[in-house]
Each structure stands twice: as C-alpha cells, then as structure tokens.
Amino acid sequence: MEKEGKMKHQDLFAGFNCTDLEAQMVPHTQTASACQPSAADNSTSCSGQRNSSFGAAECLRNIRGDLRYYELLLNSYRPSVSDLSPVTTATQDLRDCLRPNGAAADGEFPQWLVWSGSSFDDRLSLCKTLKGFHVRAITMNRALAYIASGDHRK
C-alpha cells in the first residue's frame, strides 16, 4: 500500500505509524474456529492424528463470508477507494474462485461502523482494518492450503 507509484494519495497513513497500531478484527465471524484442524483427542499435541470433524464446506463458507465482508468494508472507504483497488480486486477474485458454481453472494453482515467521517480517524481505522485483514488472510491461506493438501480426509 505504501510503495511509491501505487497510491494516488501518498499521505494515506501520514501522521501516524501504521505498523505500531493494533489490528482491528472482524467481530462476528467464526473462520478461525471453523477452519481449525481437529486433533484426534482433546490434547494440544502435534501428533498429526486428526479426526474427520473438520468441515471443509463450513470453513470455505466462513472464508467467503470474511472476503465478502472486507470487500464491502473496503469499497465503502472514502475518499481514496481507488488506492484500495488492488486489495479489493484480489479479494473479489479469490471470493469468486471459492464460490460454488451458481451460488449467490454470502449473506448480510451486522452493522459494524468503522468510518467516522473524520479524515484522520478514518485513515487510522483503515490502517487497523487492513492489519486485521492481513491477519485473517494468513488464517485463510493456511486453511486453504490444508484443504488443498487433502489432510482433512485422512
């Protein structure tokens, strides 16, 4: 986001250090728990034994919901939504890839006000939201790799 030539508004995160801020996570999703591989017993060991309670369909549904949420949230950011177009385009493309053939868009979301209208506060919220999305993207990436590996079927 901050590389020169990528943004029209070079001052998007001016006035604060985005790296030092806490991530703002989506408060109403279950992706982390729905996509967590289950151990064969309730221990915390890394034995590699798994039972079949992992639900790939449920995990994918939650991932699609997260992607849809972030897509809507980031598309609602003003004034420099164009600066976010690489993120929103990639989010839409991934969501489209994960959508079952002919499936409709994933659900409605509870109201979660992020943008206050104040330029500084909105840019601060955008930074925190993007950091939260980054953390969630890591979770999604790991879950999709797990599903693609086929280990959940063992």
Give me the residue from the stretch 61-90 that is in contact with a Phe, Trp or Tyr (Cβ under 9 Å, 6 or more places away or on another chain) and polar (S, T, N, Q) and, out of that set, nearest to ALA137 (Cα to Cα).
THR88
Pairing a residue in the stretch 24-38 that is within 17 Å of PHE133 (Cβ to Cβ) with any residue that is of a type in the set (Ser, Thr, Tyr) and assigned to a loop (DSSP other than H, G, I, E, B), where Cβ atoms lie under 8 Å and the two sit 6 or more apart in sequence or on different chains, gives none
Residues of the stretch 86-117 satisfying the condition of being at pLDDT below 85, surrounded by 10 or more Cβ atoms within 10 Å (Cβ to Cβ) and within 17 Å of the chain's Cα centre (by Cα)
ARG99, ALA105, ASP106, GLY107, PHE109, TRP112, VAL114
Out of LEU67, LEU74, LEU12, which single residue is touching a Ser or Thr at 6+ places or on another chain (Cβ under 8 Å), under 17 Å from TRP115 (Cβ atoms) and at pLDDT 85 or above?
LEU74
Checking the structure you have, find out if any residue of the stretch 39-59 is modelled with pLDDT of 85 or more and within 30 Å of PHE16 (Cα to Cα).
no
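The values are calculated or read from the model by the stated rules, or taken from the named source; none is laboratory data. Please read all numbers here as calculations on a predicted model, not as lab measurements. Virtual Cβ from ideal backbone geometry, glycine too; neighbours counted across all protein chains shown.
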